[in-house]
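Values quoted throughout were computed directly from the atomic coordinates according to the rules given, and no laboratory measurement underlies them. A quick note: this is a predicted structure, and the numbers were derived from the prediction, not measured. Cβ atoms come from the backbone with ideal geometry, glycine included; neighbour counts cover every protein chain shown.
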Amino acid sequence: MIGAEIAVPILLLAAWWFASANSTNTFFPPLRTILTRLAELSATPAFWTNVGSSVGNLALSFLLACAIGVALGIVLGTVRWLSWFIEPTIHFFRAIPPVALVPIFVSLLGFGNETRILAITLSAVFPVLISTIDGIRAIDPERVSVGRIYRIGRWDRIVTIALPEAGPRILSGVQVSLITAFVVMIASEMLGSSTGLGAMTLLAQQSFMIADMWVGILVLGLLGYAATALLVLLRRRVLRWYIAIRQQEKNL
């Protein structure tokens with residue numbers, strides 16, 4: 001499985017290399033030229049400043065979105081009367097395309113780094129929030145009753161019953177949140193920011209520095225792939241028991 005996951009990107013890069021090898025199109029330079037330019041840029045402090053800004057904003061915003069989404073999802077999943085008041089508002093804002101929120105935050109709060117983090121966090125919180133609510137509500141009531149019979153405290157019930165039961169759904173929402181956070185990160189950097197890979201890519205395009213633009217696109221793709229791969233590995237480790245059960249069910 002891991003070999004196939006690595007082989008596909010390598011095959012795509014190989015296809016890109018051969019398809020662009022003899023390209024004379026200004027807007028589609030050979031991959032060799034792009035990699036050469038990547039090596040040149042990677043020797044400059046500005047390049048790593050942009051990479052660090054993007055990775056930092058993505059990591060912080062994603063972790064905040066997961067923490068807020070899981071915590072609020074547990075509350076709304078267990079306290080029904082509260083969810084009746086709040087869920088309509090959640091579904092209203094969830095229906096708005098995440099990228100459309102970026103100009104609103106910039107108009108209200110300016111172009112600071114805090115604005116980008118807020119925009120990414122609030123855009124990415126909804127998938128994990130909704131999946132947590134659904135996961136908590138899908139818990140077997142008998143397990144909860146057994147916990148109460150044995151007088152297990154509320155916090156212990158959440159840790160030992162609720163989270164393991166809802167874990168598969170929560171982590172599915174976490175994966176969607178990561179994708180959303182990545183997309184909004186790029187959009188927020190392209191709109192009025194001077195740092196980050198998104199800003200670097202847009203500036204290169206506007207300056208007609210096509211190789212630099214492709215470097216930005218390539219690095220963003222590699223960053224997104226690496227982040228997704230790490231999350232998939234974490235999901236497999238955390239849900240090892242769940243994956244084993246599903247495999248046994250398939251073999252029956």
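Helix 2-20 and the longest principal axis of the C-alpha atoms of the chain enclose an angle of approximately 20°. By its C-alpha gyration tensor, with a ≥ b ≥ c as the square roots of the eigenvalues, how is the stretch 178-232 shaped: rounded for a/c under 1.5, else prolate for a/b larger than b/c, else oblate? Oblate is the answer for the stretch 178-232, as a/c is 1.5 or above yet b/c matches or exceeds a/b. Treating each Cα of the stretch 1-43 as one equal point scatterer and applying the Debye formula with no solvent, the log10 of I(q)/I(0) at q = 0.18, 0.35 Å⁻¹ comes out as -0.62, -1.06.
Relative contact order, whole percent, for the chain stands at 24, derived from Cα pairs under 8 Å and 6 or more residues apart. Would you work out if the chain is rounded, prolate or oblate? Take a ≥ b ≥ c from the square roots of the eigenvalues of the alpha-carbon gyration tensor; rounded if a/c is under 1.5, else prolate when a/b is larger than b/c, oblate otherwise. In terms of gyration-tensor shape, oblate. Secondary-structure-derived ellipticity at 222 nm for the chain, considering helices only, amounts to -28000 deg cm²/dmol, per-run term -39500 (n - 2.57) for DSSP H runs with n ≥ 4.
Distance between the 7 Å Cα→Cβ label points at Ser145 and Leu63: 4.1 nm. This ranking places Glu40, Glu114 by how few other beta-carbon atoms lie within 10 Å of each, fewest first, which gives Glu114, Glu40.
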